[in-house]
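S.K.: Dropping a structure here in structure tokens format, bear with me for questions.
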Amino acid sequence: EAKRKGKNTYQYFDQKLNERIHRRFEIEKSLRRALECEEFKLLFQPQIDTVTKAITGAEALIRWEHPELGLVSPGEFIDVAEDSGLIVPIGKWVIREVCAYIKKWIDAGVPLVRVSLNVSPRQFQDENFVDYFTQVLSETRVSGKWIGVEITECGIIQDVQYAQKTIMELRKMGIAIDIDDFGTGYSSFSYLMDFPVDKIKIDQAFVKDMHIEKAGAIVKSVISLAHNLNMLSIAEGVETEKQSTLLASYGCDEQQGYFFHGPVDEVEFIGLLTSGL
Ligand code: C2E
Ligand code: MG
Ligand code: MG
Ligand code: MG
């Protein structure tokens, strides 16, 4: 009996593993055609000024509506896209899409805020990254002042000289630079001395545990670090009023999270910009 049960459990895990492998395979296979078939879309999550509670910016977040698998989260496919190099064309699509939206909103008289997009390490390292950005901005006649890029530490430290040059070029266009997921990489933060960065995004892992003394101390320190370096701080993954109040007491400049608003589609986002949260 025990032996049979053991075998069933084994078969169960075997089946789960098979499903996972199959899903990953399916994702890899169909990622290539997802762009052509226009299966991606962008959602926008507001970023809120801690003091005034006004929307000061938004983060563009990609979604993939797979015809068979349903909604696939970026957590599941960005890594796959990064490994295969497909992140480069996908990233270009994100740049085009964000600029097209901004153009449309400006023309429609929507009270706009800066929209930040995520740039993965491989996309950042692509030699045409800046040229492509320049090209799209000039084609859509959108000013870089409406755009921000979020890069992780790991995207920067791979080639510090290249990163420095790239960041300078982006800033010349008026594009803001935010460091995403700050504190989760195991890099030293000495690179912050060499980079003109606008904002540090405190990773949601620290925000989640902020009620614990040590995590709270880290959050506090990152906010001071940002301010001492003339940068702004923003906390991501703010889910409760308690977290929000604590962040305010630490002097965190901006906040983003479900407590204020989750990511929303274009129509809802315009509504938020027009009539507030
Ligand atoms: P990220 O840039 O750190 O984005 C924050 C993630 O936290 C988003 O997940 C967002 O939906 C989620 N989030 C927002 N508020 C809360 C909250 O209060 N609680 C919790 N638990 N989560 C919250 P999402 O949209 O699934 O994206 C995951 C990651 O995928 C992003 O992390 C980013 O690294 C990557 N990603 C998303 N869109 C793009 C894109 O267009 N290009 C690239 N290269 N990467 C992207
Ligand atoms: Mg981000
Ligand atoms: Mg983040
Ligand atoms: Mg993250």
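S.K.: Give me the distance in nm between label points sitting 7 Å out from Cα along the Cα-to-Cβ direction at E39 and I212, one decimal.
M.R.: For E39 paired with I212, the spin-label model returns 3.8 nm.
S.K.: Assign unit charges at the C-beta atoms only (+1 for Lys and Arg, -1 for Asp and Glu), then state the dipole size of the stretch 151-244 relative to its Cα centre in Debye, rounded to the nearest 20.
M.R.: I would put it at about 240 debye.
S.K.: I would also like to ask the following. Could you give the nm distance between label points at T240 and D265, where each point is 7 Å from its Cα heading toward the beta carbon?
M.R.: Distance between the two pseudo-spin positions: 3.3 nm.
S.K.: Something else about it: Could you check the simple spin-label distance between S84 and S143, using points 7 Å along Cα→Cβ, in nm with one decimal?
M.R.: 4.0 nm
S.K.: When the chain is fully extended, how far beyond the present Cα-Cα distance does R171 get from N8, taking 0.36 nm per residue of separation?
M.R.: Numbers: separation 163, 0.36 × 163 = 58.68 nm, distance 5.88 nm.
In short, 52.8 nm is gained.
S.K.: Let me ask something else about it. If I stretch the segment between T274 and Q125 completely, what's the gain in nm (0.36 nm per residue apart, minus their alpha carbon distance), one decimal?
M.R.: Working it through step by step, the gained length comes to 50.0 nm.
S.K.: Once the convex hull of the C-alpha atoms of the chain is built, how many Å³ does it hold per residue, rounded to a whole number?
M.R.: Cα-based convex hull of the chain, divided per residue, equals 170 Å³.
S.K.: I'd like the chymotrypsin sites (Phe, Trp or Tyr not before Pro) in the stretch 176-253 restricted to DSSP loop residues with at most 10 other Cβ atoms within 10 Å, sorted by number.
M.R.: Y186
S.K.: Can you work out the PRE-style zone for S73? Point 7 Å along Cα to Cβ, and I want the residues of the stretch 227-268 with backbone N under 19 Å.
M.R.: 236-240, 256-265
S.K.: Scan the stretch 118-194 for GluC sites (Glu not before Pro) in coil per DSSP, keeping those whose Cβ has at most 10 other Cβ atoms within 10 Å, and list them by number.
M.R.: E127
S.K.: Per residue, what accessible area does the stretch 149-191 have, given a 1.4 Å probe and all protein chains present, in Å²?
M.R.: Working: 2060 Å² over 43 residues.
Per-residue accessible area for the stretch 149-191 comes out at 48 Å².
S.K.: About its Cα centre, what dipole magnitude does the chain give when the only charges are +1 on Lys and Arg Cβ and -1 on Asp and Glu Cβ, stated in debye to the nearest 20?
M.R.: Using only the charged Cβ atoms, the result is roughly 360 debye.
S.K.: Right, next: Using a 1.4 Å probe, what is the accessible area per residue for the stretch 1-95, in Å²?
M.R.: Each residue of the stretch 1-95 exposes 60 Å² on average to a 1.4 Å probe.
S.K.: Probe radius 1.4 Å, ligands and nucleic acids ignored: give me the carbon and sulfur share of the accessible area of the chain as a rounded percent.
M.R.: Numbers: 7740 of 14640 Å².
Exposed carbon and sulfur together represent 53 percent of the surface.
The values are calculated or read from the model by the stated rules, or taken from the named source; none is laboratory data. All values derive from a computational prediction rather than experimental measurement. Cβ atoms come from the backbone with ideal geometry, glycine included; neighbour counts cover every protein chain shown. Accessible surface areas use protein heavy atoms only, side chains included; no ligands, DNA or RNA. Shrake-Rupley method; radii C 1.70, N 1.55, O 1.52, S 1.80 Å.
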